[in-house]
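The values are calculated or read from the model by the stated rules, or taken from the named source; none is laboratory data. As the structure is a computational prediction, the values presented were derived from the model and not from experiment. All Cβ positions, glycine included, derive from the backbone under ideal geometry; neighbour counts span all protein chains shown. Surface accessibility is based on the protein's heavy atoms, side chains included, excluding ligands, DNA and RNA. Shrake-Rupley method; radii C 1.70, N 1.55, O 1.52, S 1.80 Å.
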Amino acid sequence: MRVFDRLFIDNDWCDSVTGRRFAAVDPATEEVIAELPLAGADDVEAAVRSSQRAAAAWRREAPERRGELLDRLADVIEDHRDVLAEMETRDMGKPLRESHANVTRSVRTCRYYAGAVDKLLGDSIPVGHQGYNFTVHEPLGVTAHITPWNYPFANACRSLPTALAAGCTVILKPASQTCLTTLMLGDLCRQAGFPPGVVNVVTGSGAEAGQALARHPAVRGITFTGSVDTGRRIMQFAAEHIRPVVLELGGKNPQVVFADADVDAALAQTLRGAFTNAGQVCTSVSRVLVERPLYAEYVERLAARVAAYTVGPGMEDPDIGPLVSQEHWTTVARYADQARAEGARLVTGGDRPAGLPRGYFFAPTVFDQVAPDMRIAREEVFGLLLSVIPFDTDDQALAISNALPLGLTSGVFTRDIGRAMRFARDLQAGMVWINEWFQSPVQVPHGGIKESGLGREQGMLALANYTQVKDIAIRF
Ligand code: NAD
C-alpha cells in the first residue's frame, strides 16, 4: 500500500516547516503504518496563500469545466476504489465492505455536484417599470474543511465537491487519527486535472493546524464536522472575521419502537443503526426506546443477535471492526463502567472480546433498564454502547427523545400513520426517519438542530454554504 506522507499544497508534496511528524496507527494491529507531517501555522499559511492564488481563476472557470473536473474526479476515485477502501480500513479500522460503500458514496457525491454546477440560479425581483433587480450567487473564495475520523474519505468528499462546484477553493484538514485517504484524495484531485491550489491538504493536530486554519482571515468559509465542543470553538473563530460556518456535530439519537411496529424491521434497523462502523456514527441509534409490552421480547432478540456478531480486523470483513484509537477505547470502556455503576443492566458485551488481546477491539454492548437521567442515556458515547429504555405513552417517548440539548436524527417505528406523523412533527431533530434509519443519500439535506449543528450539507441547499448573494439593480 503506497502511503502519501507529506503535505499536499499546490498540486505538490512538501514537508512540514515544523519538521515534526506523528504516527498513523492501524487500530486492528496497533502497528504504525505511516509517519505524517505535523503541520504548524507556517504550513497553514502556505496552504492558504496557494488557495488564494488559485481562487481568483477558479471562481471565473466556466461551470461546465468545473463539472467536467468533478466528473473526472469521480472516475479517478472509482479507478482507485480498492486501494482507497483498503487504506481506509487499515487507517480507521472499519470493515472492508463499509469502506467500499463509503467510496461508492463519495463517487456519487462528486457526480451529483458535477451536475449541479450550472443550476446555481439567482432571482429576478420586480421593482417597477424603470429597472431590473436580480441576484447572483458568488463563491466565497478560500474555504476550510475540517473533518473527523469516523468517515475520513466520505466526509471529505461530502463538502469538497459542493464547494468546488460553487467555485470555491478547498483546504482539507483531516482528523489526525485518520489522514491517509484524505491525503490520497489530494492526489486524486491532481490526477483529475484540478489546477494547483484548488485543493490542498494539511495534516496535523486540531489545536495547532486546525486552529490556525479556522482563524486565518483569508479563509472565507468553514465547514466543520466533529464534536459539539470543538464546534463551539470553531464558531468563535469564525466570528473573529465574520465568516459563515457549517457545523455538523454530534447526536444522541433516539429510535422509538412501538408495540404495533413491524418488529423484525425495527430490530434490523436498531442493529444496523447502532453497530455500523462500530457505532462511531453521528447519526447512529444511540438510545432505543421500546414500548413496555414489547420491551422484554425486544431486548432478548436484540441481545441474541448482538452476542452473535463477529468482531475482528476490518481487513477480514467481520461484522464489527476495532474502535479507532486507544484513547477512544478508554472513553468507551469508561462509559460502560459508569453505566454499570449507575445501575443499568449489562445485557451483552461491555469489555474487550475474548481472543483479541491486541488492537482496539470492544464487544458490541447492550444495556437495558437505562434511566433517561443516566449519563449513558444523555451523552454521546460514539461507539458500540446501545441503551434500551422502556416507555409507556406517546408523550413519555417524545419527552425522553426531546429532553437533550442535541437533535441530529431520530426515528419512530409504528404502523399507525397518525402517530408517525405526530412524531415527525414533534421530534426535535434535523432528520426524522419513519420505519427507516440512515436514509441520507447525497440529494437529501443532512444536519442537526439545537447543539447538533448549524446549516445543512448535501442536496442543492448545501451550495448556499459556499456562496454569497449579490443583488444588482439597474435603472433605465
Ligand atoms: P473533534 O471535534 O475532536 O475533531 C474534529 C476535527 O476538528 C479534527 O480534524 C480535529 O483535528 C479538529 N479540531 C480539534 N480541535 C480543533 C480546534 N481547536 N480548532 C480547529 N480544529 C480542531 O471530533 P472527532 O472526535 O474527530 O469526531 C467525533 C465527533 O464528530 C462526534 O461528536 C460525532 O458525532 C461528530 N460527527 C458529526 C457528523 C455529522 O455529520 N453531524 C459526522 C461525523 C462525526
Considering only protein heavy atoms, with the full assembly of protein chains and a 1.4 angstrom probe, order 306, 127 by accessible area, largest first.
127, 306
If you roll a 1.4 Å probe over the heavy atoms of the protein chains, what accessible area per residue do you get for the stretch 122-171, in Å²?
30 Å²
Taking all protein chains as present, what is the carbon and sulfur share of the accessible area of the stretch 163-238, in % to the nearest whole number, probe 1.4 Å?
52 percent
When the solvent-accessible surface of protein heavy atoms is calculated with a 1.4 angstrom probe, in what order do 309, 466 fall, highest first?
309, 466
For the chain, take the longest principal axis of its alpha carbons; what is the angle in degrees between that and the long axis of helix 263-275, to the nearest 10 within 0 to 90?
60 degrees
The set of residues whose placed amide H lies less than 5 Å from the amide H of residue 444, leaving out same-chain residues fewer than 5 positions away, is 459
Over the stretch 179-315, with neighbouring protein chains present, the accessible area per residue in Å² at probe 1.4 Å is 31 Å²
Rounded to the nearest 10 degrees, the helix 292-307 long axis (Cα) sits at an angle to the longest Cα principal axis of the chain of 70 degrees
Taking H placed 1.01 Å from N in the peptide plane, check which residues at least 5 places from residue 256 or on another chain put their amide H under 5 Å from its amide H.
289, 411, 412, 413
Taking the Cα centroid of the stretch 325-391 and of the stretch 296-312, what is the distance between the two, rounded to the nearest whole Å?
14 Å
Using mean Cβ contacts within 10 Å as the protection proxy, how do 68-78, 345-355 order, highest first?
68-78, 345-355
For the chain, calculated [θ]222 nm from helices alone, where every DSSP H run of n ≥ 4 adds -39500 (n - 2.57)
-12000 deg cm²/dmol
Could you check how much of the accessible area of the stretch 253-441 is carbon and sulfur, as a whole percent, using a 1.4 Å probe?
50 percent
How far is helix 417-426 tilted, in degrees, relative to the longest principal axis of the Cα atoms in the chain, given as a value from 0 to 90 rounded to the nearest 10?
60 degrees
For residue 252, what accessible area in Å² do you get when you roll a 1.4 Å probe over the heavy atoms of the protein chains, rounding to the nearest 10?
10 Å²
Rounded to the nearest 10 Å², the accessible area of residue 240 using a 1.4 Å probe with every protein chain kept is 80 Å²
Under a Cβ-only charge scheme (Lys and Arg +1, Asp and Glu -1), can you give me the dipole magnitude of the chain about the Cα centre, in debye to the nearest 20?
1020 debye
Sequence order, the stretch 4-19: Karplus ³J(HN,Hα) from phi using 6.51 cos²θ - 1.76 cosθ + 1.60, θ = phi - 60°, Hz rounded, Gly and Pro as x, gives 8, 10, 9, 6, 10, 9, 6, 6, 9, 9, 9, 7, 6, 4, 5, x
How do 176, 99 stack up against each other in accessible area, from largest to smallest, with a 1.4 angstrom probe?
176, 99
In the stretch 68-125 the accessible area split gives carbon plus sulfur, as whole percent at 1.4 Å, a share of 48 percent
Using the 2.2 N^0.38 Å rule of thumb for compact globular proteins, work out how the chain stacks up: its C-alpha Rg over that value, please.
1.00
